[in-house]
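The values are calculated or read from the model by the stated rules, or taken from the named source; none is laboratory data. Keep in mind that this is a model prediction, so the values were computed, not measured. Backbone-built Cβ (ideal geometry, glycine too); neighbour counts: all protein chains shown. Side chains included, ligands, DNA and RNA excluded: accessible areas come from the protein's heavy atoms. Shrake-Rupley method; radii C 1.70, N 1.55, O 1.52, S 1.80 Å.
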Amino acid sequence: MNNSDIIPPSIAGSLAEIERSVQRFRSWYSLGADPERLLTDEIITMRFELIRLWSEISSEKKPRTDR
């Protein structure tokens, strides 16, 4: 069984982007970049992805009236 059987691709994409954001922060921080600026940028990215994720989940929970 693979993840696409459990997690829809649109949701998996948002989760993957959040993970990439965390990894970017860790990489850049370890290189000595300004942590405050990096963290701000990555938090903004994660917020957008979380909003997209929440919207996707909410739209799947709504009852369909087109049936």
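The table that follows gives values for the structure above.
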quantity: Residues satisfying the stated conditions in region 33-46, i.e. part of a helix (DSSP H, G or I) and either surrounded by 11 or more Cβ atoms within 10 Å (Cβ to Cβ) or β-branched (Val, Ile, Thr) (or both); calculated: PRO35, LEU38, LEU39, THR40, ASP41, GLU42, ILE43, ILE44, THR45, MET46
quantity: Qualifying positions in region 1-26 - part of a helix (DSSP H, G or I), open to solvent by less than 60 Å² (accessible area, probe 1.4 Å) and free of Cβ contacts under 8 Å to residues at least 12 places away in the same chain; calculated: ALA12, GLY13, ALA16
